[in-house]
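**Q** Below is one structure. I have some questions about it.
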Amino acid sequence: MKHVALAVLALLLPVRALCGDVTVSVRTPQGRPVPEAVVTIAAPHSGPIRFPWPYTVAQQNLQFDPFVLVAPVGADVAFPNRDTVRHHVYSFSPTKTFELKLYGHDETRVVHFDKPGIVPLGCNIHDNMVAFVVVVDTPYAAKTDASGEAVLHGVPAGAQVARVWHPYLRAPGNSLSLSLVVPRDGAARAQAVADLWAPITRHGAY
């Protein structure tokens, strides 16, 4: 049994060494960090996709929180109302068309997202409420933080293409692509320049 265990371990170790972390920095042409950008790499993977953050878009202070949620295909996303007024959440996106009719404080509705794509959200009562659910079919996905950086873990080694999406990015499909090489060990870094057509003062000044 000891020899069998060693043989299995020997097979596993090279696999673990053939992947690494990728950090993508997204900045404006003026060098300011861009938060809330979604970075994905469509590399081969196996097994279900799970992310460590909650699949929740709350209504709070007459805003959606978070502004951008990354969720895997097949996720059930909760929409709790934490305001004292009622909300009517909807999307006309071809990725997921739905309507959550008026519901009040401390009530929650859940929507199942069954295919990848961008799902803009709105409130039929409060026109200023806007958010996005980005449904992905890859585990190599992350959102940039306040410093404009996103870290993707365990990306397979070799040549990869990272896709950067932001709702206000001046580019076809609001996205751009970056070519990079993930080393067999260690980490890779890349930087994207995102020219935005509108500021998001609630999520950082550009």
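**Q** Indicate the gyration tensor shape class of the chain (rounded, prolate or oblate), computed on the Cα atoms with a ≥ b ≥ c the square roots of the eigenvalues: a/c under 1.5 is rounded; otherwise a/b larger than b/c is prolate and the rest oblate.
**A** In terms of gyration-tensor shape, oblate.
**Q** Still on this structure, please answer the following. How would the stretch 48-137 be classified by its alpha-carbon gyration tensor: rounded, prolate or oblate, with rounded meaning a/c under 1.5 and the a/b versus b/c comparison settling the rest?
**A** Here the stretch 48-137 falls in the prolate category.
**Q** Let me see the pair-distance distribution of the stretch 12-99: every alpha carbon pair, 10 Å bin width, integer percents in order.
**A** Pairs per bin, as whole percents: 12, 32, 31, 19, 5, 1.
**Q** Hey, fewest Cβ within 10 Å first, where do Ile125, Ile49, Ile41 land in order?
**A** The fewest-first ordering by Cβ neighbours comes to Ile125, Ile49, Ile41.
**Q** For the stretch 125-206, just list the percent of Cα-Cα distances falling in each 5 Å bin from zero outward, please.
**A** 3, 11, 21, 24, 18, 12, 7, 3, 1, 1, 0
**Q** Moving on. In what order do Asp127, Asp21 fall by count of nearby beta-carbon atoms within 10 Å, going from fewest to most?
**A** Asp127, Asp21
**Q** Count the DSSP beta bridges whose two residues both fall in the chain, then state the antiparallel fraction as a percent rounded to the nearest 5.
**A** Around 75 percent of the beta bridges assigned by DSSP in the chain are antiparallel ones.
**Q** Got a sec? How would Arg109, Arg163 order by Cβ neighbour count within 10 Å, fewest to most?
**A** Arg109, Arg163
**Q** Classify the stretch 72-189 from the C-alpha gyration tensor, please: rounded if a/c falls under 1.5, else prolate or oblate depending on whether a/b exceeds b/c.
**A** prolate
**Q** Within 9 Å, Cβ to Cβ, of Val135, how many net charges do the neighbouring residues add up to if Lys/Arg are +1 and Asp/Glu are -1?
**A** Surrounding charge for Val135 is 0.
**Q** While we're on this one: Hey, what number do you get for the chain at 222 nm if only DSSP H runs of n ≥ 4 count, each worth -39500 (n - 2.57), divided across all residues, to the nearest 500?
**A** Helices in the chain give a 222 nm mean residue ellipticity of -2500 deg cm²/dmol.
**Q** Take a quick pass over the chain and tell me how many lysine pairs come in under 26 angstrom between Cα atoms, counting only ones 8 or more apart or on separate chains.
**A** 4
**Q** With axes computed from alpha carbons, what is the tilt in degrees of helix 2-17 against the longest principal axis of the chain, rounded to the nearest 10 within 0 to 90?
**A** 60
**Q** From the phi angles alone, apply the Karplus equation (6.51, -1.76, 1.60; θ = phi - 60°) to the stretch 30-44 and give each ³J(HN,Hα) in whole Hz, x where the residue is Gly or Pro.
**A** Along the stretch 30-44, the couplings run 8, x, 7, x, 10, x, 6, 8, 9, 10, 10, 10, 8, 9, x Hz.
Each value in this text was obtained by applying a stated rule to the coordinates, not by laboratory testing. Quantities reported herein were computed from a predicted structural model and do not represent experimental measurements. Here Cβ is always computed from backbone atoms with ideal geometry, including for glycine, and neighbour counts include all displayed protein chains.
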